[in-house]
Amino acid sequence: MTGALRLAIVGWPVGHSLSPRLWEAMGARRGIAVTYEARAVAPDDVDGWAALWSSSLDGFNVTSPHKERAAAACASLAPSAARIGAANLVAGALTGWEGHSTDGYGFARALLAEGERIRGRTAVVLGTGGAGRAAARALADEGAAVTFVTRSPAATPAGCEDLPRIGWDAVEDAGPFDITVNATTTGAEPPAPPIPYARWCRGALAVDLHYAPPLTAFLEAAHAAGARTLNGFGMLIHQACLGAALLVEKDPAAAESYEEDFWAAARQVSSS
């Protein structure tokens with residue numbers, strides 16, 4: 001397939017993102033002229049945010065802290081984004097910008113690709129932001145029993161109303177769990193989130209949605225306690241596959257057909 005795509009990623013911060021290089025390398029393999037820029041937009045940058053929505057981009061990815069804000073700004077939402085009230089992919093459509101959530105697909109696909117069973121397992125998700133809700137919803141939909149840890153357990157996370165929640169002050173009395181997911185904005189660098197690592201992580205799986213650095217403070221603490229560990233890089237790749245299927249093919253069923261190209265792009269990026 002040939003063609004051209006003008007894309008961007010928006011977030012604060014966003015300089016660490018590998019998405020521009022991955023997408024451009026994937027496009028070169030596919031014969032698609034992809035130009036992909038990073039746009040750092042602070043939460044109070046009204047002009048920068050408005051410029052994104054008035055641009056001639058074909059689509060853009062959204063990262064923290066703008067996922068809920070993006071969903072609210074879209075003319076329409078795919079069911080994946082409408083359910084959790086957050087969008088990490090915004091695609092141009094005839095009726096205006098349409099928001100999608102590819103995070104949940106990317107998260108579940110990354111675990112399954114590593115041979116990690118989801119159905120019938122217990123899981124805890126630290127944080128109820130857009131990515132956390134997407135991961136929790138994906139786990140629950142695949143048959144896991146999911147609990148949130150949140151600063152506000154009385155607040156109901158959009159799209160996850162059926163999932164139990166506990167506060168950080170209750171973690172010592174909870175678990176253990178088969179899967180622990182760090183979906184907070186902390187834990188990439190020290191300090192690691194304050195959970196009972198020795199009890200939750202021995203023989204279990206610990207997943208950090210961060211991918212930079214590859215070994216986060218959370219994963220280091222979990223590994224020291226005896227966990228298998230997985231960072232967010234696989235999720236990044238697999239959510240990009242679904243994004244490409246939506247932007248290029250207009251067909252989410254084509255997501256797996258992009259895996260070879262994105263993983264090849266990842267190897268190219270990591271060696272350069």
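Readers should treat all values here as calculations from the given coordinates under stated rules, not as data from a laboratory. All figures in this text were calculated on a predicted structure; none of them were measured in a lab.
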| request: Quick one: divide the alpha-carbon radius of gyration of region 104-231 by 2.2 N^0.38 Å and tell me what you get. | output: 0.93
| query | So what J values fall out for region 15-27 if you push phi through Karplus, 6.51 cos²θ - 1.76 cosθ + 1.60 with θ = phi - 60°, rounded to Hz, Gly and Pro as x? | reply | x, 7, 5, 8, 4, x, 5, 5, 5, 5, 5, 4, x
| What ³J(HN,Hα) values, in whole Hz, does the Karplus curve 6.51 cos²θ - 1.76 cosθ + 1.60 give for region 84-91 when θ = phi - 60°, with x put for Gly and Pro? | 9, x, 8, 10, 10, 9, 10, 10
| Candidates (i) 15.1; (ii) 31.9; (iii) 13.9; which is the computed mean projected area of the Cα convex hull in nm²? | (iii)
| field | Fully extended contour minus Cα-Cα distance, from Ala28 to Thr122, at 0.36 nm per residue | value | 29.7 nm
| field | Under 5 Å, built H, 5+ apart or other chain: amide partners of Phe148 | value | Val125, Arg165, Ile166
| task | Report, in degrees rounded to the nearest 10, the 0 to 90 angle that the Cα long axis of helix 130-141 makes with the longest principal axis of the chain. | result | 70 degrees
| How big is the Rg/Rh ratio for region 1-54, C-alpha atoms only, Rh by Kirkwood, two decimals? | 1.07
| Relative to the longest principal Cα axis of the chain, at what angle does helix 259-271 sit, 0 to 90 degrees, rounded to 10? | 80 degrees
